[in-house]
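Here is the structure we will look at.
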Amino acid sequence: MSIQSINPYTGKLLKEYDLYDEKQIEKALSLGQETFQGWRKEEFKKRKELMLAAAAELRENQEEYALLITREMGKVIQESRAEIEKCAWVCEYYAEKAEEFLSARAISLPDGKKAKVLYQPLGIVLAVMPWNFPFWQVFRFAAPTLMAGNVGILKHASNVPQCALAIQRVFENAGFPKGTFQSLLIDSKATNELIADPRIKAVTLTGSEKAGAAVASSAGNHIKKSLLELGGSDPFIVLEDADVEKAAKTAVKARMINFGQSCIAAKRFIVVEEVFESFLEAFTEEMKKLKSGNPEDDDADFACMARPDLAKELYEQVKKSEDAGAKIILGGGKPTEGKANFEPTILIDIPKNSPAYSEELFGPVATIFRVKNEKEAIALANDSEFGLGGSLWSQNLKRAELLAAEIETGAVFINSMTASNPHLPFGGVKKSGYGRELSQEGIREFVNAKTVFLG
């Protein structure tokens, strides 16, 4: 069997790779285990130096890596460049903060005795990562994991093998010891076998509910720590006292980033009826301004989805929703057979029994709901199996903070679009997963918080 790298915009086969065999996988595991024995003892000063070198490697070769992203999964080049810059940012963040976050914590007990908590690395951590942000999702995992003294093995999405191998090169070019970070071109069967291997100490996955359930089940069967960042159907709530023009412009950006193929993209726009029509008009006009083009062109706002099958699946969700009573007011056209093209689409009057109401629409489709008041808005926002992020718009910040506390998500951004940021914990609740990435919480996910009692 092989893994193919195909440009979704042109349909051209770029490269083809053989899947790694058992010998290659065993070699990687053995190397990772051997490297860990030295890396775990490496001083933070040296780890910091190497992680800063990784950030420099990313910036110095930004165009090369950005083009690789664009050609493998169709993201427009301006967004690919921003993705590489964000990866450099997270490397710098953890290079500077890791020692502080993992410093031993002293505890004074009521009886006068003392103890401390040490934060120690676990070993090899397996990352199963998606195609939509093929560099960022990996660096979001790798920067804290490696700075904590662990080593990483990556099983990337099958349609971005060139990105997977390039990320390994970033760390090698930065001077990390060989085996600190390795990318394996493997299938799901080999992934399950990796999870079962005693040398793998933990696993993190970003992806679909189905993939998350499978990995979590396998990790649980082998009593291993797992972290899941799964789908989202993020609410974007616009109250009657919001700055509607600003909200609408931000809403389009929040829906269309990465051509809508983002777990934290705003997907359900919940608008109080007093401003519904003005928001809908402004939102629609902003959507119409977006320009389609070759993803390698600087002036293209969007190009295509990452694969033809994804475009077909999204169209079927839209069509079933229309058949159930939803109204299409923009786009909705059928993708060309075998192509990854898709029209930016807006749906309103969405009935509860339709896919657009309850399923994640992973692409450039906006669903806009009319509600009577803030109570209905919060109820609708929480009427979802997902709980990743959310956005709430009101010029009354005190009111907005109180309402934000009622939204069942891992994050709420007031008067701003949801976004990941190294300084902020990132993760969800409900079927959006568990555990946290980024910030202090992220680097402590894959360490042993060891208590040492001083008698």
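The values are calculated or read from the model by the stated rules, or taken from the named source; none is laboratory data. Note that the coordinates shown come from a computational prediction; the quantities given were computed from them, not determined experimentally. Cβ placement follows ideal geometry from the backbone for every residue including glycine, while neighbour counts extend to all protein chains displayed. Side chains included, ligands, DNA and RNA excluded: accessible areas come from the protein's heavy atoms. Shrake-Rupley method; radii C 1.70, N 1.55, O 1.52, S 1.80 Å.
The helices (runs of 4 or more DSSP H) located wholly in segment 343-453 that include 1 or more residues which are open to solvent by less than 20 Å² (accessible area, probe 1.4 Å), in contact with a strand residue (DSSP E or B) (Cβ under 6 Å, 6 or more places away or on another chain) and at pLDDT 95 or above occupy 355-358, 374-382, 397-404. Filtered by the rule that a residue be more than 22 Å from Leu230 (Cβ to Cβ) and out of contact with any strand residue (DSSP E or B) (no Cβ under 6 Å at 6 or more places or on another chain), segment 122-145 gives no residues. Here Leu13 clears all of (1) in contact (Cβ under 8 Å) with a residue 12 or more places away in the chain; (2) touching a strand residue (DSSP E or B) at 6+ places or on another chain (Cβ under 6 Å); (3) surrounded by fewer than 18 Cβ atoms within 10 Å (Cβ to Cβ); (4) not basic (Lys, Arg) except the condition numbered (1).
What about Glu57, is it open to solvent by 10 Å² or more (accessible area, probe 1.4 Å) and in contact (Cβ under 8 Å) with a residue 12 or more places away in the chain? The answer is yes for Glu57.
Does segment 273-284 include one or more residues that are of a type in the set (A, V, I, L, M), at pLDDT 95 or above, buried (at least 19 other Cβ atoms within 10 Å of the Cβ) and in contact with an Asp or Glu (Cβ under 8 Å, 6 or more places away or on another chain)? Yes; the residues of segment 273-284 include at least one that is of a type in the set (A, V, I, L, M), at pLDDT 95 or above, buried (at least 19 other Cβ atoms within 10 Å of the Cβ) and in contact with an Asp or Glu (Cβ under 8 Å, 6 or more places away or on another chain).
State which residue is farthest from the chain's Cα centre (by Cα) when the search covers only segment 169-198 and only residues that are closer than 18 Å to Asp21 by Cβ, open to solvent by 40 Å² or more (accessible area, probe 1.4 Å) and of a type in the set (S, T, N, Q). Across segment 169-198, the extreme among qualifying residues is Asn192.
Just one residue in the set Leu122, Leu118, Leu67 is in contact with an Asp or Glu (Cβ under 9 Å, 6 or more places away or on another chain), touching a residue at least 12 places away in the same chain (Cβ under 8 Å) and open to solvent by 10 Å² or more (accessible area, probe 1.4 Å); that residue is Leu67.
Listed by first and then second residue, the pairs linking a residue in segment 410-436 that is within 21 Å of Ser394 (Cα to Cα) to a residue that is open to solvent by 40 Å² or more (accessible area, probe 1.4 Å), with Cβ atoms under 6 Å apart and 6 or more places separating them unless they lie on different chains, are Gly410/Val429.
Considering (1) in contact (Cβ under 8 Å) with a residue 12 or more places away in the chain; (2) out of contact with any helix residue (DSSP H, G or I) (no Cβ under 8 Å at 6 or more places or on another chain), the lone condition that Lys398 does not fulfil carries the number (1). Helices (runs of 4 or more DSSP H) fully within segment 1-102 that include at least 3 residues being basic (Lys, Arg) and under 23 Å from the mean Cα position of the chain (by Cα): 77-101. When Glu229, Glu240, Glu277 are checked against the criterion of being in contact with a Phe, Trp or Tyr (Cβ under 9 Å, 6 or more places away or on another chain) and of a type in the set (Asp, Glu), Glu229 stands alone in meeting it.
Here Gly260 meets the list (1) surrounded by fewer than 23 Cβ atoms within 10 Å (Cβ to Cβ); (2) touching a Pro at 6+ places or on another chain (Cβ under 6 Å) almost entirely, failing just condition (1).
Quick check on segment 361-373. Is at least one of its residues free of Cβ contacts under 8 Å to residues at least 40 places away in the same chain and either over 25 Å from the mean Cα position of the chain (by Cα) or farther than 30 Å from Lys113 by Cα (or both)? There is no residue in segment 361-373 that is free of Cβ contacts under 8 Å to residues at least 40 places away in the same chain and either over 25 Å from the mean Cα position of the chain (by Cα) or farther than 30 Å from Lys113 by Cα (or both). Within segment 288-306, the residues that satisfy the criterion of being touching a residue at least 40 places away in the same chain (Cβ under 8 Å), open to solvent by 40 Å² or more (accessible area, probe 1.4 Å) and within 19 Å of Arg255 (Cα to Cα) are Lys288, Leu290, Asp301. Scanning segment 227-244 for residues that are over 18 Å from Gly389 (Cβ atoms) and not aliphatic (A, V, I, L, M), we see that the one that is nearest to the chain's Cα centre (by Cα) is Asp243.
Listed conditions (1) part of a helix (DSSP H, G or I); (2) open to solvent by 40 Å² or more (accessible area, probe 1.4 Å); (3) out of contact with any helix residue (DSSP H, G or I) (no Cβ under 6 Å at 6 or more places or on another chain) are all met by Lys320, apart from (3). Going by the conditions given, is Val117 at pLDDT 95 or above, under 23 Å from Ala148 (Cα atoms), assigned to a strand (DSSP E or B) and touching a Lys or Arg at 6+ places or on another chain (Cβ under 8 Å)? Against the criterion (at pLDDT 95 or above, under 23 Å from Ala148 (Cα atoms), assigned to a strand (DSSP E or B) and touching a Lys or Arg at 6+ places or on another chain (Cβ under 8 Å)), Val117 qualifies.
Okay, residues lined up against (1) in contact (Cβ under 8 Å) with a residue 24 or more places away in the chain; (2) surrounded by fewer than 20 Cβ atoms within 10 Å (Cβ to Cβ); (3) among the acidic types (Asp, Glu); (4) closer than 21 Å to Asp197 by Cβ:
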{"site": "Asp111", "(1), (2), (3), (4)": "no, yes, yes, no"}
{"site": "Leu126", "(1), (2), (3), (4)": "yes, no, no, yes"}
{"site": "Pro130", "(1), (2), (3), (4)": "yes, no, no, no"}
{"site": "Phe139", "(1), (2), (3), (4)": "yes, no, no, no"}
{"site": "Ala164", "(1), (2), (3), (4)": "yes, no, no, yes"}
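The set of residues in segment 274-299 being in contact with a strand residue (DSSP E or B) (Cβ under 7 Å, 6 or more places away or on another chain) and part of a loop (DSSP other than H, G, I, E, B) consists of Leu290 alone.
When every residue of segment 334-341 is checked against the conditions, none turns out to be surrounded by 22 or more Cβ atoms within 10 Å (Cβ to Cβ) and within 25 Å of Leu228 (Cβ to Cβ). Among the residues of segment 70-82, those that are surrounded by fewer than 23 Cβ atoms within 10 Å (Cβ to Cβ) and charged (D, E, K, R) comprise Glu79, Arg81.
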